[in-house]
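Written out below as structure tokens is the structure these notes cover.
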Amino acid sequence: MENIFFPKEKLQFIKECKDERCTALLVMVLKTAENVLAKTPLEEQSVQVDGEGFAIQHENYGNAAGPFSSDMSFLSFAYEFTGDEKYYQKAKELMMAYCAYSRWHGKGAIGKGELTTGNFLVGMSYGWAAFSHKFTTKEKEYIANRTYTLGIRAQLDDWLLPETRIHCFDTMGHNWWPVCVSTGALGAITMSDFLSDGRALAEKAAQGLSEWFAYKGNPINMKPATLDNGAFYEGVNYLNYALFEYLTFSIAYLSVTGKAPFDDKKIIESAADFFINTFYPSTKEDYVVNFGDCDEIQSLSALPLMLSRFPELGVLRFYIKHRPHTENNDILSKLINFRELYIMEEAVPERLSVCYKNIGWAVFRDSFNDDSHMLAVKCGDSWNHAHCDAGHFIFYRNGIPEIWDSGCCSYGNEIYRDYFVQSPAHNVVLINGKGQFPDDHHHHVRPKGELFNFIDRGSFRYVCADASGPIGRMARKHLRHFIWVGDIILIYDDIWAYEESEMNFLLHAEEKSCFRMLTPAEERTEKGFIGNDIKEITFKSFNRKTDSYGRGKLISALCLNEEKEPVFEEITDGYKATYGKIKIYINILSDNRVMHRNCFNTFDGYTTDAAVLIDDGGKLAVVNGSTVRKDGISLFESLYRITDKIN
């Protein structure tokens, strides 16, 4: 019987392939399988933990389940490729040992099915697909029945099936739901040649997964839609995690039934776009936009499986080609799908900027060339893996994140909730030293932040981040305008606190960066942390008072041309920033201080009601404007305000 994970056609391709990259991957894969032969299974007692809270959610079952999941895939491939019985003997030893466990979940889990359960199921599925024909009838019954009880039914009873289900999309409907259901379904479809209800369970799971991907959200519970045109609000790595487990199931399901679990092509295509839009091509590292609980350097294990299902997604081959630093990750998946990843033609991404409005992410770049400029802005919800970071931004330049996100650390560490998820760990503006409510991370923020007026006209890019809701305990308004014109990105913070206050602009950046604070402000050095190793760092705050009514402006810039410095002036009812031939005028009369009257202002002969007027060597653009006149001659008129180029 053909292995559902390692088809004979793909094994034959690998044997005949003369590409040095394929040969190198094969050597690494077989060496890894050889190393597994020296491993011994862990006793269940060694992975059990006493305590309370996060420590017992999974206990240390992952110490057994994680390696088992990976090891079984390598043993299965090595056996199918070489036929050597030693791989079967080790796989059988591991499977029998872990089937003897009393449970596949931490005692602190709600229910019996969780992420660790999924790892055990993946390992058992690889083992069953490769070796079940070699088991005795008694061994087969034991492994299948224990997997059914400890894994398949534990997952599907808790997460999917009527009368026993304890979760829905609106409670634990983030990455756990598809991971738990997909792994339960994987076990069911893989063992459906033995389990009488295996196929029926897999079909029910397929229906549930189709509904999860299509879920539109729930405003009562502040639950966002699962996907926003392919984007996932919990970040790049958690979408990768969910897709990897789903696609592993879908490939097994397709092999057994001859059809996909459901029509998922558009979902995978849109997810591919999200991965493309959030990666930064660099000669130094393989970076991704790391908002929330996401490492800035990611190897996306779902990509080979996406191409296995849909080889026509050529942009993913572009992605893989431009991420050479993680070439030694996911080696088995890359080997088995080598042709789809490395031989077929790639496609260069076309769209340089994107806005995922529902999750509050926007990304702008000037090209997909290595070490180019890329700006990412976040202003959305704060919950679970999404931090209290409304209005946050990061900026990539010269191959690195020059203005960076602090990342995260182990979720069980107190500093994770006390610092990493909180506002001070991000490039935001505090009011009197305070940002969002610290418990927003547990309970959502209402109303959440949002992005609007996103635009990319090539020479004029813009988005407004409205952090007014999340910062509402300190201010009635915080609009953060990002204006990219030519080789300057202007950041205009328009703030209205409830009383005279101090604004604190936080900047986590390299010591030498292209950032310039233009409005006068007191600069201070602050202390913080970064990354999984909780490294102590310093960052900057720029501090400035509002007026007596609580109104204040902070204007800063990212200067992309190192040979030029901006000239900044305070003028009547506004500000002017000059950067070479580019002139940017800010009209503070447009900040809602004037009621029932338009807010006309005149700058260098231009009369406008726009919040911002841009003159790029005679090429004009407005932010929230209806009129531009020059020396009494109308250049632009509209009966409502717009944000766009106007000539």
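Summary of values
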read-out	value
In order through region 630-647: 3J(HN,Hα) via Karplus (6.51 cos²θ - 1.76 cosθ + 1.60), integer Hz, x for Gly, Pro	10, 6, x, 9, 6, 9, 7, 9, 8, 7, 9, 7, 9, 10, 4, 5, 10, 9
Relative contact order of region 218-282, pairs being alpha-carbon contacts under 8 Å that are 6 or more residues apart, as %	36
Over region 368-524 - Rg/Rh using Cα atoms and the Kirkwood inverse-distance radius	0.96
Amide hydrogen neighbours beyond the local backbone of GLY380, cut-off 5 Å, H modeled	GLY391, GLY449
Of LYS357/LYS512; LYS112/LYS448; LYS10/LYS265; LYS86/LYS284; LYS86/LYS259, pairs whose Cα-Cα distance is over 29 Å	LYS357/LYS512; LYS112/LYS448; LYS86/LYS284; LYS86/LYS259
Cβ crowding within 10 Å averaged over residues, with 67-80, 127-140 ranked highest first	67-80, 127-140
Residue-normalised accessible area of region 493-647, expressed per residue, 1.4 Å probe, Å²	51
Listed peptides 444-457, 337-350, 300-313 by packing density, highest first (mean Cβ within 10 Å)	300-313, 444-457, 337-350
Region 550-647 - percent of accessible surface contributed by carbon and sulfur, probe 1.4 Å	48
Calculated Rg and Dmax of region 489-613 using C-alpha coordinates, Å	16.8, 55
Cα gyration tensor, region 293-412 - rounded (a/c under 1.5), prolate or oblate	prolate
In nm, spacing of pseudo-spin labels at GLU500 and ARG476 (7 Å Cα→C-beta vector)	1.8
Cα lying deepest toward the dipole's positive end in the chain, options VAL485, LEU227, THR147, charges on Cβ	LEU227
Whole-percent carbon and sulfur share, accessible surface of region 104-161, 1.4 Å	50
Cross-link pairs LYS378/LYS545; LYS31/LYS92; LYS204/LYS321; LYS39/LYS321; LYS107/LYS434 - those with Cα-Cα distance over 31 Å	LYS204/LYS321; LYS39/LYS321; LYS107/LYS434
Per residue accessible area in Å² of region 206-256, where ligands, DNA and RNA are left out and the probe is 1.4 Å	31
Charge dipole (debye, nearest 20) of the chain; +1 at Cβ of Lys and Arg, -1 at Cβ of Asp and Glu	840
Percent carbon-and-sulfur accessible area, region 1-46, ignoring ligands, DNA and RNA, probe 1.4 Å	55
Set of aspartates and glutamates with alpha-carbon distance to LYS15 below 18 Å, sequence-local pairs under 8 removed	GLU2, GLU80, ASP84, GLU340
Computed over the chain: relative contact order in percent, which uses C-alpha pairs under 8 Å that are six or more apart	7
Amide H contacts under 5 Å for GLY399, placed H, 5+ residues apart	ASP371, SER372
Projected-area average for the chain over all orientations - Cα convex hull basis, square nanometres	30.2
Set of lysines near LYS583 by C-alpha distance (under 19 Å), chain-local residues within fewer than 8 positions excluded	LYS553, LYS564, LYS619, LYS630, LYS645
Probe 1.4 Å, protein heavy atoms only - accessible area per residue of region 1-153 in square angstrom	46
Calculated FRET value between ARG593 and PHE310, using beta carbons and R₀ = 51 Å, to 0.05	0.45
Lys/Arg +1, Asp/Glu -1 at C-beta; region 4-71 dipole; positive extreme among LEU42, ILE4, ALA65	ILE4
Note, ³J(HN,Hα) from phi for region 9-14, Karplus 6.51, -1.76, 1.60, rounded to Hz, x at Gly and Pro	4, 6, 5, 5, 4, 4
Using θ = phi - 60° and Karplus 6.51 cos²θ - 1.76 cosθ + 1.60, couplings along region 581-586 (whole Hz; Gly, Pro as x)	7, 8, 10, 10, 10, 10
For PHE454, residues with placed amide H under 5 Å, excluding near neighbours	CYS464
Segments 228-238, 116-126, 31-41 sorted - mean Cβ within 10 Å per residue, highest first	116-126, 228-238, 31-41
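The values are calculated or read from the model by the stated rules, or taken from the named source; none is laboratory data. Being a predicted model, the structure only gives us computed values, none of them experimental. Glycine gets a Cβ as well: all are built from the backbone with ideal geometry, and neighbour counts include every protein chain shown. For accessibility, only protein heavy atoms count, side chains too; no ligands or nucleic acids. Shrake-Rupley method; radii C 1.70, N 1.55, O 1.52, S 1.80 Å.
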